[in-house]
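The values are calculated or read from the model by the stated rules, or taken from the named source; none is laboratory data. In this text the structure is predicted, and so the values were computed from the model without any measurement. Here the Cβ positions follow ideal geometry from the backbone for every residue, glycine too, while neighbour counts run over all protein chains shown.
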Amino acid sequence: MAEPDMNLSQPAPRRHANDWAALKSPLLRFLDACHADFSAETGGAVANYIPELGKADPNHFGISLATIDGYVYEVGDSRAPFTIQSMSKPFVFALALDTLGADHVESAIGVEPSGDPFNSIRLNADNHPFNPMVNAGAIACTGLIHQAKGDGAFEYIRQALGRFAGRELDVDEAVYAPKVQRATATAPSAISCATPPSSRTTSAKCWRSISGNARCW
């Protein structure tokens, strides 16, 4: 019986699609399963209180998970840009803490739950926002950064959010413009708890950078 010629290259074994799926990490397989399970969910509706937000594709659905050791796992429409809205609040709060120190920030903004919706501008008994995750606290947080950075506050925050995101973020002017129009009734009252009278005229500038409302990934 002739021995096989070891000098001849052997064809690579064929792999079924399911075999390749099995090579994915357990975490990615878990995210794939979550994506498949929840993709059929069609309840709810896109926000439309600002016309531009109402244009979002309700079929977009992505999951992205970043581990503390720097790995990123993604499935679905995770690369579709979107406005980050109130998701920027913890990041701007972190920036304020890093820039000004905890004592300074917590002297103007509380850290207690309020039970209020995200857009609350209600203040506590000390005339301070309950926490930085409601609009009153987020506006005040940006006001504090504006005190420290002046006219450069907006760019300072934008660059910081970009570092959190791992890339430079842009401003969505179509979202920003109506946000400013809606800000008239809320920004001055919330800014006043964090800024001295001489700088309250800057509330429009502060609003531009508050909460990432005008930014998209």
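Observations on the model:
- Note on segment 26-54: residues that are free of Cβ contacts under 8 Å to residues at least 60 places away in the same chain, of a type in the set (D, E, K, R) and surrounded by 11 or more Cβ atoms within 10 Å (Cβ to Cβ) amount to 2.
- Options Ser78, Ser114: the member that is closer than 27 Å to Gly137 by Cβ, touching a residue at least 12 places away in the same chain (Cβ under 8 Å) and either hydroxyl-bearing (Ser, Thr, Tyr) or in a helix (DSSP H, G or I) (or both): Ser114
- Screening Asp126 against (1) over 12 Å from Ala138 (Cβ atoms); (2) modelled with pLDDT of 95 or more leaves a single unmet condition, (2).
- Applying a threshold of 6 Å to beta carbon distances and a minimum spacing of six or more residues, or different chains, the list of pairs starting in segment 132-150 at a residue that is in contact (Cβ under 8 Å) with a residue 12 or more places away in the chain and ending at one that is of a type in the set (Ser, Thr, Tyr) and not in a helix (DSSP H, G or I) reads Val134/Ser114; Val134/Ser120; Gly143/Thr195.
- Test: residue in segment 74-86 that is at positive phi and either out of contact with any helix residue (DSSP H, G or I) (no Cβ under 6 Å at 6 or more places or on another chain) or of a type in the set (Lys, Arg) (or both): yes
- Residue list for segment 164-182, restricted to those being touching a Ser or Thr at 6+ places or on another chain (Cβ under 8 Å) and in a loop (DSSP other than H, G, I, E, B): Asp172
- Ile68 vs. criteria farther than 21 Å from Asp170 by Cα and touching a helix residue (DSSP H, G or I) at 6+ places or on another chain (Cβ under 6 Å): no
- Some residue of segment 160-167 being at pLDDT 90 or above, within 22 Å of Ala108 (Cα to Cα) and over 22 Å from the mean Cα position of the chain (by Cα): no
- When residues of segment 83-108 are limited to those that are touching a Cys at 6+ places or on another chain (Cβ under 6 Å) and not in a strand (DSSP E or B), the one nearest to Ala160 (Cα to Cα): Val92
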